[in-house]
Amino acid sequence: MRRRSYIAFTKALQQLFKDLLASQGIDFLAVEGRTKSRQSLAQKVRREDKVGRYRSLDDVTDLSGIRVICYLKEDCEKVSELILANFEVDPVN
């Protein structure tokens, strides 16, 4: 898959998070997204502590990431609950 597709996915996920937060009345400062660059991905899979861990791109779990910045600690807990209720969570990664 091309990086452009991951960038589009990240943007869609960012909007999904904003919509989910709004639907639950959770105030937030920002929802930020990032897509790992090819250079960053290459560096990651070559790191000594990662040797043998990645057999294919499917083994990399952080090509896209979202950060939700909340005003209150209680809202962070609500966001965690929202994530658990709406996404398949891989607790190991």
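The values are calculated or read from the model by the stated rules, or taken from the named source; none is laboratory data. Quick caveat, the model's predicted, so the values are computed rather than measured. Cβ placement follows ideal geometry from the backbone for every residue including glycine, while neighbour counts extend to all protein chains displayed. Heads up: the accessible areas ignore ligands, DNA and RNA and are worked out on the full protein's heavy atoms, side chains in. Shrake-Rupley method; radii C 1.70, N 1.55, O 1.52, S 1.80 Å.
Of the residues that make up the stretch 30-51, is at least one assigned to a loop (DSSP other than H, G, I, E, B) and either closer than 23 Å to Glu88 by Cα or touching a helix residue (DSSP H, G or I) at 6+ places or on another chain (Cβ under 8 Å) (or both)? Yes: the stretch 30-51 contains one or more residues that are assigned to a loop (DSSP other than H, G, I, E, B) and either closer than 23 Å to Glu88 by Cα or touching a helix residue (DSSP H, G or I) at 6+ places or on another chain (Cβ under 8 Å) (or both). Is the stretch 32-45 home to any residue that is touching a residue at least 40 places away in the same chain (Cβ under 8 Å) and surrounded by 10 or more Cβ atoms within 10 Å (Cβ to Cβ)? Taking every residue of the stretch 32-45 in turn, none turns out to be touching a residue at least 40 places away in the same chain (Cβ under 8 Å) and surrounded by 10 or more Cβ atoms within 10 Å (Cβ to Cβ). Look at the stretch 69-93: where a residue is within 12 Å of Phe17 (Cα to Cα) and among the hydrophobic types (A, V, I, L, M, F, W, C) and a partner is open to solvent by 100 Å² or more (accessible area, probe 1.4 Å) and outside any loop (DSSP other than H, G, I, E, B), sitting 6+ places away or on another chain with Cβ atoms under 6 Å, you get Ile69/Leu29. Against the conditions (1) touching a helix residue (DSSP H, G or I) at 6+ places or on another chain (Cβ under 7 Å); (2) within 14 Å of Leu13 (Cα to Cα); (3) open to solvent by less than 70 Å² (accessible area, probe 1.4 Å), Tyr54 satisfies every one except (2).
So which of Asp62, Asp58 is at pLDDT below 80, farther than 20 Å from Ile83 by Cβ and among the acidic types (Asp, Glu)?
Asp58
The set of residues from the stretch 1-26 being assigned to a helix (DSSP H, G or I) and in contact (Cβ under 8 Å) with a residue 24 or more places away in the chain comprises Arg3, Tyr6, Ile7, Phe9, Thr10, Leu13, Gln14, Phe17, Leu20, Leu21.
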